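Shown next, in structure tokens, is the structure this report addresses.
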Amino acid sequence: MDKEIGIDFDKFLDNEDFDNDLNDGSESELNLNKEFNNYSASNYQEFSTNTSYYNYFKDYTHILDDEYEMEYSNVIPLRRLVLTFILTFGVYGYYWFYKNVSFLKEYHGLEINVKFRTLVYIFVPLGNLIVLYDLINTMKYYINTKGIESYSPFLNIIGFMLFGFTPLGAWFYVNVQEPFNEYWKIEQAYLPVQRQFNSAEIAIIFFVWLAVFVLIILIAYFLMHYTISIRPPV
């Protein structure tokens with residue numbers, strides 16, 4: 001069997017480098033594909049009929065499939081962005097900032113502190129405009145490297161200042177995100193786009209509406225208490 005295929009499979013399967021590759025994660029599938037591409041369709045069929053070898057590869061492939069979840073591109077669909085922005089009354093903008101800073105740091109290896117910048121964006125007046133401007137200006141830089149028509153960071157900052165938490169604020173997020181999505185579609189053309197809400201977005205929507213519900217109850221309680229207290233005695 002081994003001689004017909006032209007490969008010493010006992011040596012191949014006992015190879016220490018092969019076992020290391022299987023335990024290495026991202027390189028293992030590439031190495032497996034590289035080995036299999038060396039076989040013709042007929043040789044692969046002969047190989048698969050050998051139960052011991054076939055089960056060996058099948059078990060390792062199963063392990064690799066279990067270790068890795070579906071990976072999506074960094075594209076944020078505009079309809080998902082707008083809907084989440086509206087459902088969270090603009091709170092989604094903080095998460096949007098966090099995710100885009102994270103994408104830039106992870107993909108391009110930038111030396112930036114994502115958590116610190118997000119905290120500045122949320123809690124520090126004026127400082128939030130500085131980190132936001134730096135973000136959308138950095139995004140514009142990478143967008144321009146692909147020859148994609150983009151936006152004016154300065155005008156968008158003015159828009160964020162005036163309409164950030166109003167329904168019109170969603171337009172400025174879309175204005176920035178649309179060309180950045182085009183950038184990611186070029187850079188990560190091999191990855192699918194996640195259309196549905198992710199777990200973080202679902203959690204944000206849930207807690208925002210929970211806070212709104214609690215706030216309504218508290219307002220109703222205090223209004224009722226105030227109304228009763230000012231009634232004249234009977």
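Readers should treat all values here as calculations from the given coordinates under stated rules, not as data from a laboratory. Fair warning: this is a prediction, and the values are worked out from it, not measured in the lab. Glycine gets a Cβ as well: all are built from the backbone with ideal geometry, and neighbour counts include every protein chain shown.
What the table below lists for this structure:
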{"item": "Pairwise label distance in nanometres, residue 182 with residue 89, each label 7 Å out on the Cα-Cβ vector", "result": "3.6 nm"}
{"item": "Gain upon complete extension [residue 155, residue 168; 0.36 nm per residue less C-alpha separation]", "result": "3.3 nm"}
{"item": "Rg to Rh quotient for the stretch 96-224, alpha carbon positions, Kirkwood Rh", "result": "1.04"}
{"item": "Protection-proxy order for peptides 98-111, 187-200, each taking the mean of Cβ atoms within 10 Å per residue, highest first", "result": "98-111, 187-200"}
{"item": "Derived scalar couplings ³J(HN,Hα) [the stretch 107-121; Karplus, 6.51 cos²θ - 1.76 cosθ + 1.60; whole Hz; x for Gly, Pro]", "result": "7, 9, x, 6, 8, 9, 9, 5, 5, 5, 5, 5, 5, 4, 5"}
{"item": "Residue 124-residue 144 pseudo-label distance in nm [points 7 Å out on the Cα-to-Cβ vector]", "result": "2.5 nm"}
{"item": "Extension gain (nm, one decimal) between residue 198 and residue 214, 0.36 nm per residue minus Cα-Cα", "result": "3.3 nm"}
